[in-house]
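Written below as structure tokens is the structure these notes are about.
The values are calculated or read from the model by the stated rules, or taken from the named source; none is laboratory data. Here the structure is a predicted model, which means the values were calculated and not measured. Backbone-built Cβ (ideal geometry, glycine too); neighbour counts: all protein chains shown.
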Amino acid sequence: MTSVACFLGAGFSYAARVPLAKDLFQSNYVLALSERSQTRFDAVLIAYREWHALHPTGHAEEFMDELYRRHVANAAPIWRWAVEYIGAVIASPGTPPSSLNRNPRYSNRLNRPSTVDAHRRFWATITRKFNEVAVLTTNYDILIEQGLRHKPFRRPPAPGCFYGGFERPQMLKGAAQPFSAWSPEKLIELTGSVPVFKLHGSLNWSLESGRLVMYQDLRAAFRNGGNAAIVPPIPDKELPLWLKPVWTQAEIALRQSQVWIICGYSVPPYDVSVQALLKESSSDGGREVVVSSPDAKEICHRLSDLLPNSKLIAIEGLPDGIDNLTREFCFLPE
């Protein structure tokens, strides 16, 4: 039996036209739902430009970290405004045309199948080649869930997923047609076999009265000015209590996997918690680690110190890297 852990970063979502982290605050198109939300978005962007003027070599995630820690000047917008803005940036590329519901709070639901060809091909390759699959991600969006599906399907084949680090059953709140007053609320359950460990939270999660509530859509990112349960890259000792089980079980999944596929994640120097996670999870021996990215060779060089006993293989990023991935594991039965 061959097991794989897929570590997916912003480059994976970029195949669906979601901006890379470095472009989050330079997006050309953000769908604001009201004049008030546009005002909040403008305040976030002004704060980012002021911060970037003082930190010209800084990264967007570092700005987010300062917002999260409330280290930005007193006039800066609060963290949840940034959450609302990030939700709008991520949701906007997938918003349907004007003839359909244009409200990104509800129009991008988890139970809709992926429409991204590169993602469909990626998951088809992974699920054909490996018996056991685990997914770790630093992404906030729900593209992984849409690709794996919320439950097993036969046509086209999909294993379904669930959120690693949380108890089951996992029921996601939502409505079939949120804009129809006569449509009752509808729950869906995540009943798949693939754990998805969302290391920095998710735009469809919300903390309500100290309890984590999961939704089918991105409403949490837009409600009350943005109250989705997400965090920027922060040291593991500063992780909120609700997120710690995700990291603990993610390390177990990495240790149990014979192969790691790191796709679209650049191993940035400020993401010290993920670096520590990768290093600690490989302390029991080397693995075959496939890195899929336009900068794969450079990333392999960064990983060589973290994973000294592992075999590092550089291939192209999505979508071109899928063919390389198929060839790399051609020896595995389907």
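Condition test on Ala276, is it touching a helix residue (DSSP H, G or I) at 6+ places or on another chain (Cβ under 9 Å) and free of Cβ contacts under 8 Å to residues at least 60 places away in the same chain? Explain how you work it out, then say what you get.
Numbers: touching a helix residue (DSSP H, G or I) at 6+ places or on another chain (Cβ under 9 Å): yes; free of Cβ contacts under 8 Å to residues at least 60 places away in the same chain: yes.
When the stated conditions are applied, Ala276 passes them.
Could you grab me the full set of residues in region 123-134 that are out of contact with any Pro (no Cβ under 8 Å at 6 or more places or on another chain) and within 15 Å of Cys263 (Cβ to Cβ)?
Within region 123-134, the first condition is being out of contact with any Pro (no Cβ under 8 Å at 6 or more places or on another chain), and the residues that meet it are 123, 125-126, 128-132.
If the condition is that a residue be out of contact with any Pro (no Cβ under 8 Å at 6 or more places or on another chain) and within 15 Å of Cys263 (Cβ to Cβ), then Trp123, Thr125, Ile126, Lys129, Phe130 are the ones that fit.
Under 30 Å from Phe41 (Cα atoms), modelled with pLDDT under 95 and part of a helix (DSSP H, G or I), is that true of Arg223?
Working: under 30 Å from Phe41 (Cα atoms): yes; modelled with pLDDT under 95: yes; part of a helix (DSSP H, G or I): yes.
Taking the combined requirement at face value, the residue satisfies it.
Restricting attention to helices (runs of 4 or more DSSP H) lying wholly within region 5-85, give those where 2 or more residues are modelled with pLDDT of 85 or more and under 18 Å from Asn139 (Cβ atoms). Steps first, please.
Numbers: elements: 10-14, 35-54, 60-69.
Passing ranges, in order: 10-14, 60-69.
Can you tell me how many residues in region 106-136 are among the charged types (D, E, K, R) and assigned to a helix (DSSP H, G or I)?
Result for region 106-136: 5.
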